[in-house]
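Inspection log for the structure reproduced underneath, given as structure tokens.
The values are calculated or read from the model by the stated rules, or taken from the named source; none is laboratory data. Since we're looking at a predicted model, the values are computed, not measured. Cβ placement follows ideal geometry from the backbone for every residue including glycine, while neighbour counts extend to all protein chains displayed. Note: accessible area is taken over every heavy atom of the protein model, side chains too, but ligands, DNA and RNA are not part of it. Shrake-Rupley method; radii C 1.70, N 1.55, O 1.52, S 1.80 Å.
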Amino acid sequence: MTTTTSRKRLLNGLSDATGGIGDRFRALPKWQRGLAFLAFVAFLYYLPLLGIPGLTWLRTDSIEGGNNWAGVLFVCAVYVLIAIGLNVVIGLAGLLDLGYVGFFAVGAYSVALFGSTQSPVVKALQERFDLPQGWAVAWAICIPIAIAIAMISGVLLGWPTLRLRGDYLAIVTLGFGEIIRIVVRNVSWSGGPHGVAAIPGPEGAPSADNQVFGLIDAKPWYWLALTVVLLLVLAVRRLENSRVGRAWLAVREDEDAAAVMGVYPFKYKLWAFAIGAALGGISGALFASRQGFIEPNQFNAQLSILFVAMVVVGGAGNMAGVALGAFLLAYLPERFRDFAEWRFLVFGLALVLVMLLRPQGLIPSRRRARELKDRAEEVPASV
Amino acid sequence: MNFDELFGHLGQHTVDGLAKGSIYALVALGYTLVYGVLKLINFAHSEVFMVGTFTVVGVWSLLGATDSPPLGTLLLLLAAGLLAAALASGLTAVAVERIAYRRLRRMNAPPLIFLITAIGLSLVMSEAFGLWQGRLVVGIPTVLERDVVFSIGGTDVTNTQIITVVAALVMMAGLDVFINRTRYGRGVRAVAQNPDTAALMGVNKDRVIALIFLLGGLLAGAAALLYALRYGNTRFNVGFLLGLKAFTAAVLGGIGNLRGALLGGLLLGVVEVYAATLTQSNWEDVAAFVVLVVVLLFRPTGLLGESLGRARA
């Protein structure tokens, strides 16, 4: 018994400490907060050039055989984007989506199938409309297409399944992620198991002639991804504090009560799904553009679970938390490559430990932490 | 779509589907028992099954199993494999409950927390075996040569198919008697109906919950042996897809309903074999998911209804 109480005290102390920093930050005058935020953003943009003595060990190319630092940062930024999208679904609306990789794949494949000159879809379009050989949909048009298709697939998945209770929804979405992968592998118009190559970037098809978004230098890619992340963070923040955000919160805390108050749960859940899917689509599109080549097996169910781990470990509902979770889960295996083989084991352990000891996550959303605490105090005497 | 093949050998495919479905049914019982009592999806159950398959590999290599041994050795191998796999899986399931779920139950955690914990555990277990046993397919000796025992109207029935279906039916019947006729079974049903009232009546809830995890694990271990006989190999991530399908089977029959798990398992096996025949195996796995989604949409309580558990508001 004493060990439990001391452990509890330790955990409470921990959350007081992290909460304390947050409170102190919020207590600062507005201009100081703005300045701190700007400094942080500037640091993020500077990150790929990181050369401050004493901090260079952070770079992944500081170890032998380590990956290109800017390339790793790009992947981290894409994962942060995924975490922010999935956070809308899990953290804000409280729906456990285990098939998020499906939307990521839809975004990636949309860009690949419409933008690559080698894709079967583009070839069919060329034939149908008598277009020249080198024709493909421009990248700038591919991105909105990717977002639209991802959003539509979100609605198509959500429409029938969002009426299910939470744990069934999780399993059905897990199945959805697998279905997307199997379909893409089996049908002929997606390039089948061999995947699609020559996926365009902002400057067109990947080639050595590209001035900015080339194959080797990943820095411009990282800056692009970071800019997208920052814009979308601001957008989601606005959403969170809007009518829709409050509706999500109400539905998450008590669906029946929300319905009685005139919030139609299904509608807002569907919105969460669609917006989450769109964000997943954007991240997939960015990822595919940088890679230049995708194949079905890159989008397996393990990745979905990794995405959930990012959100849950970081602290569902808190954007800083999920961003931290995504960054850690993408960055640590790259920096400590000796343990790369162990990473999924470690992620699994992290999931279990966080759920058992700190279910609100590393940087919790205060409201969610309170919900969990409330429930714990409601325990009936007989349990 | 290869309809000629399907309808030309309909009996053959049906028998094969039933044999395949028996394995699903045994694993599905584990999901259904836990769901019936605790109302939670024990996502880690798939890994409990995976541990069973590796136990079969370990015990058989310890006993020096070879392809098609003499009858006496064969029986010994089967008995040892069954015992060891059932025990290993059963203990794993109990350990999962003890380590993870009990603490969460004390915290009155929401269902999603249980589910995420279970997913984490499942990842930990499959990855631990992936690191330990390697990530490649591990072969299992063919101790029982596939052999046609009898054929009716052009439909061949093999010995492994008979063993699989009969074993599943026997264990199913045993479980049914245990739950419906014994003192312990009454405790399980009481806790499933109303945990608090059951506790007031002197049922030890923790013991009942450990018991259902043990039962589910034992059956998953038995399923692991049958799987080893049928497929002759295993892999660290063998549990993922099979677990998902077994869960589908449980939902199809009506989760929380023991007979439903059997019905759902057999049906799903048959549907899958039909789908595999029609599409040259490409869409086999999709068939299971489509069945799951359709059932959840049109009859979320499954074919036979959720009888062990109560319908939740």
_Long-range neighbours under 8 Å by Cβ, at least six apart or interchain, first residue within 20 Å of A:GLY281 (Cβ to Cβ) and assigned to a loop (DSSP other than H, G, I, E, B) within the range A:156-178, second modelled with pLDDT of 85 or more and of a type outside the set (Asp, Glu)_ = A:LEU162/A:LEU95; A:LEU162/A:LEU169; A:LEU162/A:PHE266; A:LEU162/A:LYS269; A:LEU162/A:LEU270; A:LEU162/A:PHE273
*Could you tell me whether B:GLY72 is touching a residue at least 24 places away in the same chain (Cβ under 8 Å), farther than 29 Å from B:PRO195 by Cα and more than 14 Å from chain A (Cβ to nearest Cβ)?*
no
*Would you say A:VAL228 is out of contact with any Cys (no Cβ under 8 Å at 6 or more places or on another chain), among the aliphatic types (A, V, I, L, M), at pLDDT below 90 and open to solvent by less than 50 Å² (accessible area, probe 1.4 Å)?*
no
*In the range B:21-50, how many are closer than 28 Å to B:VAL270 by Cβ and over 9 Å from the mean Cα position of the chain (by Cα)?*
13
_For the list (1) farther than 26 Å from A:ILE199 by Cα; (2) modelled with pLDDT of 85 or more; (3) open to solvent by 10 Å² or more (accessible area, probe 1.4 Å); (4) of a type outside the set (Asp, Glu), I need the number of the one condition that A:LEU174 fails._
(3)
*Condition broken by B:LEU267, with the remaining ones in (1) open to solvent by less than 50 Å² (accessible area, probe 1.4 Å); (2) assigned to a helix (DSSP H, G or I) satisfied*: (1)
*Which of the residues belonging to the range A:286-313 are part of a helix (DSSP H, G or I), more than 13 Å from chain B (Cβ to nearest Cβ) and under 14 Å from the mean Cα position of the chain (by Cα)?*
A:LEU286, A:PHE287
*asked:* Suppose we keep only residues that are within 16 Å of B:VAL286 (Cα to Cα) and under 25 Å from the mean Cα position of the chain (by Cα) within the range A:183-192. Which one would you say is most open to solvent (accessible area, probe 1.4 Å)?
replied: A:ARG185
*Being among the hydrophobic types (A, V, I, L, M, F, W, C), crowded, with 19+ Cβ neighbours inside 10 Å and more than 16 Å from A:GLY134 (Cα to Cα) is the filter here, so list the residues in the range A:197-222 that pass it.*
A:PHE213, A:ALA218, A:TRP221
*In the range A:199-225, what count of residues is obtained for those that are out of contact with any Phe, Trp or Tyr (no Cβ under 7 Å at 6 or more places or on another chain), within 12 Å of A:GLY292 (Cα to Cα) and modelled with pLDDT of 85 or more?*
0
*Quick one: which of B:PHE213, B:PHE236, B:PHE240, B:PHE247 is assigned to a loop (DSSP other than H, G, I, E, B) and within 28 Å of B:THR55 (Cα to Cα)?*
B:PHE236
_So, B:GLY216, is that one open to solvent by less than 30 Å² (accessible area, probe 1.4 Å), within 10 Å of the chain's Cα centre (by Cα) and in contact (Cβ under 8 Å) with a residue 12 or more places away in the chain or not?_
yes
*Single match in B:ALA88, B:ALA118, B:ALA19 (criterion: touching a residue at least 60 places away in the same chain (Cβ under 8 Å), crowded, with 22+ Cβ neighbours inside 10 Å and within 30 Å of B:THR155 (Cα to Cα))*: B:ALA19
*How many residues are open to solvent by less than 10 Å² (accessible area, probe 1.4 Å) and either over 19 Å from A:VAL236 (Cα atoms) or not aromatic (Phe, Trp, Tyr) (or both) if we restrict to the range A:96-110?*
10
*Kindly check whether there is at least one residue in the range A:252-263 that is within 25 Å of B:LEU115 (Cβ to Cβ), not aliphatic (A, V, I, L, M) and not in a helix (DSSP H, G or I).*
yes
*Of the numbered conditions (1) at pLDDT below 85; (2) within 14 Å of another protein chain (Cβ to nearest Cβ), B:GLU145 satisfies every one except a single condition; which is it?*
(2)
*Failed item, numbered, when B:ILE152 is tested on (1) at pLDDT 85 or above; (2) open to solvent by 40 Å² or more (accessible area, probe 1.4 Å)*: (1)
